[in-house]
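This report concerns only the one structure given below.
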Amino acid sequence: MKSAWQGKDFISVDTLTQESLTELFDKADEMKRLVEEKGGNDALKGRVMAALFYEPSSRTFGSFVAAMQRLGGGVIPLNMTNSSATKGESLEDTAKVFSSYADVIVMRNPAVGSAVSMADHAWVPVVSAGDGIGEHPTQALLDAYTIRAELGKFEGTHVVFVGEMAHYRPVNSLAKLLALFPKIKLSFVADPAFALQDGVRDYLKTKKVDFAEYENLDDIVAEADALYVTRPKKEFIPAELYEKALGKYRVDAKTLEKMKPSSIVMHALPRLDEIAVEVDQDPRAVYLNKQMKNGMYTRMALLDLIING
Ligand code: CP
């Protein structure tokens, strides 16, 4: 049977279904076993991924490259230092360049909607690795995979996001992805200046998701099954607002005392000071180990399903 992912772009979580997610998660389980037992295989031998990163990245770039390499494929790594975009080449022409060389294009770009433009002009599948303050759809895949792996289900699960919502694309993508699951509960804790984007709030209302917004983390943290901590996105926040975003929310040992023993603490990373280092050793902290590794397994699954089906 043909995969729901084969030959398709992945630029927004809006295109996901429960079935396509299950297919990807099952494949990611396979990839996890493969890496643990053998390190990798030749499933993508002879295939090439163009990794076009117009913004800095450690995890997304690193895990996509590792994913391709563990499956025997090749990579064209390109950033703003070595791209002809610095000479003024358009995104549309760049799409044609890398469609000529690669089987799949993975792109991060600071402009909202850039992944859609790339996909409109490329003739190979395009995967968004983040478009400004828009979406980070593959981050949502690894986050949802982590929630399923650690908590066992989405039904009845309460995910509490804390910190910066307004410019933080992983929140946009994960909140919309979780809206696929009818009994999910979402809470968003933020200063009003950094509250949820209107488009995401409207999306959740349209999908009839049970969600609420707070300013005080103590009002809701005891109910969290997953606490998703975010970083003030200096790169996208107006300078005069950035100082206001720093230090308002900090998860530390005292926060953990208020949380359920069965809960988890997540972060897309990189972090600044919003999670104290003392939290890293708590068994509920999954951001530096499981969540990050799941990024590679889910991206291996995604590349395999898009290219091989
Ligand atoms: N989570 C994430 O997108 O990290 P990077 O910016 O390092 O890729």
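The values are calculated or read from the model by the stated rules, or taken from the named source; none is laboratory data. Since this is a predicted model, take the numbers as computed values, not measurements. Cβ placement follows ideal geometry from the backbone for every residue including glycine, while neighbour counts extend to all protein chains displayed. Heavy atoms of the whole protein, side chains included, go into the accessibility calculation; ligands, DNA and RNA do not. Shrake-Rupley method; radii C 1.70, N 1.55, O 1.52, S 1.80 Å.
Numerical summary
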quantity: Residue in region 112-135 that is surrounded by the fewest Cβ atoms within 10 Å (Cβ to Cβ), counting only those that are among the small types (Gly, Ala, Ser) and away from the ligand (no atom under 16 Å from the Cβ); calculated: Gly113
quantity: Residue, nearest to the chain's Cα centre (by Cα), within region 52-76, restricted to residues that are open to solvent by 40 Å² or more (accessible area, probe 1.4 Å) and within 12 Å of the ligand (Cβ to nearest atom); calculated: Arg59
quantity: Index of the failed condition, Thr157 passing every other in (1) at positive phi; (2) away from the ligand (no atom under 16 Å from the Cβ); (3) open to solvent by less than 10 Å² (accessible area, probe 1.4 Å); calculated: (1)
quantity: Qualifying positions in region 4-20 - within 16 Å of the chain's Cα centre (by Cα) and among the charged types (D, E, K, R); calculated: Asp9, Asp14
quantity: Residue tally, condition outside any helix (DSSP H, G or I), more than 22 Å from Glu243 (Cβ to Cβ) and either in contact with a strand residue (DSSP E or B) (Cβ under 6 Å, 6 or more places away or on another chain) or of a type in the set (Asp, Glu) (or both), over region 172-208; calculated: 3
quantity: Scan of region 136-154 for residues that are among the aromatic types (Phe, Trp, Tyr) and within 16 Å of the ligand (Cβ to nearest atom), ordered by number; calculated: Tyr145
quantity: Any chance Leu178 is out of contact with any Asp or Glu (no Cβ under 8 Å at 6 or more places or on another chain), within 16 Å of the ligand (Cβ to nearest atom) and either assigned by TED's automatic domain parsing to the domain that holds Ile237 or open to solvent by 40 Å² or more (accessible area, probe 1.4 Å) (or both); calculated: no
quantity: Of all residues in region 274-308 being within 16 Å of the ligand (Cβ to nearest atom) and of a type in the set (S, T, N, Q), the one that is surrounded by the fewest Cβ atoms within 10 Å (Cβ to Cβ); calculated: Asn289
quantity: Scan of region 261-309 for residues that are assigned to a loop (DSSP other than H, G, I, E, B) and basic (Lys, Arg), ordered by number; calculated: Arg271, Arg284
